[in-house]
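Notes follow the structure.
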Amino acid sequence: MVKTALDNFAAPPCAQLLGWHLLDARPEQGWIRIGFEGKPEFCNPAGFVQGGMLSAMLDDTMGPAVLVMSEGRLYTGTISMTVNFLAPARPGPIVGEASVTQLGKTIAFVEGRLTAEDGTLLATATACERLLEAARVVR
């Protein structure tokens with residue numbers, strides 16, 4: 001496993017709820033892969049993982065991409081996020097990938113995607129992230 005700035009951060013309760021775990025990262029490229037667990041408790045009445053939970057997974061993939069690219073110096077607050085739901089997500093493993101497309105002085109632009117275990121593309125997202133000094137905001 002690649003060593004990243006995430007090694008120095010405790011996973012917050014929301015990440016634990018989502019089953020968040022680092023699968024791979026290329027910090028110099030601003031790329032990250034995160035594993036999630038689409039739990040039955042996350043499902044809507046049709047039996048698919050509810051879109052809000054998928055959005056949370058995307059958000060919890062894109063922000064860490066910036067954190068690892070900045071070697072832990074920059075934390076993000078999401079300004080805006082656009083999500084496209086492409087296929088229903090069944091309960092089970094879900095993989096998130098994100099890439100930082102532009103890292104400025106105060107704002108970052110990030111793209112993300114979620115796939116099912118069989119490779120089905122479930123959702124994509126783009127986000128505009130406010131950059132904050134991690135040392136000042138992370139407890």
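The values are calculated or read from the model by the stated rules, or taken from the named source; none is laboratory data. Just so it is clear, the model here is predicted, and its values are computed rather than measured. Heads up, the Cβs are rebuilt from the backbone with ideal geometry, glycines too, and the neighbour counts pull from every protein chain shown.
In table form, for the structure just shown:
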| read-out | value |
| --- | --- |
| Residue that is surrounded by the most Cβ atoms within 10 Å (Cβ to Cβ), among those in region 62-71 that are within 22 Å of F36 (Cβ to Cβ) and of a type outside the set (A, V, I, L, M) | P64 |
| Any chance S80 is modelled with pLDDT of 95 or more, small (G, A, S) and surrounded by fewer than 16 Cβ atoms within 10 Å (Cβ to Cβ) | yes |
| Residues of region 63-80 classified as under 10 Å from L103 (Cβ atoms) and either in contact with a Pro (Cβ under 6 Å, 6 or more places away or on another chain) or free of Cβ contacts under 8 Å to residues at least 24 places away in the same chain (or both), total | 1 |
| Residue satisfying all of: in region 43-55; under 15 Å from I94 (Cα atoms) and touching a residue at least 24 places away in the same chain (Cβ under 8 Å); surrounded by the fewest Cβ atoms within 10 Å (Cβ to Cβ) among these | G51 |
| Hits in region 30-42 - residues which are farther than 19 Å from P13 by Cα and either in contact with a Ser or Thr (Cβ under 6 Å, 6 or more places away or on another chain) or crowded, with 17+ Cβ neighbours inside 10 Å (or both) | G30, W31, I32 |
| Extreme residue, surrounded by the most Cβ atoms within 10 Å (Cβ to Cβ), among residues of region 110-139 that are in a loop (DSSP other than H, G, I, E, B) and not aliphatic (A, V, I, L, M) | T120 |
| Per-region count, region 12-33, residues assigned to a strand (DSSP E or B) and not basic (K, R) | 7 |
| Selection count, region 98-112, where residues are farther than 15 Å from R130 by Cα and touching a Ser or Thr at 6+ places or on another chain (Cβ under 7 Å) | 2 |
| Selection from region 90-109 of residues that are crowded, with 16+ Cβ neighbours inside 10 Å and free of Cβ contacts under 8 Å to residues at least 60 places away in the same chain | R90, I94, A108, F109 |
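Results for (1) over 16 Å from the mean Cα position of the chain (by Cα); (2) more than 14 Å from T126 (Cα to Cα); (3) part of a loop (DSSP other than H, G, I, E, B), shown as yes or no for each residue.
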site: A10; (1), (2), (3): no, yes, yes
site: E37; (1), (2), (3): no, yes, no
site: L54; (1), (2), (3): no, no, no
site: L67; (1), (2), (3): no, yes, no
site: V100; (1), (2), (3): no, no, no
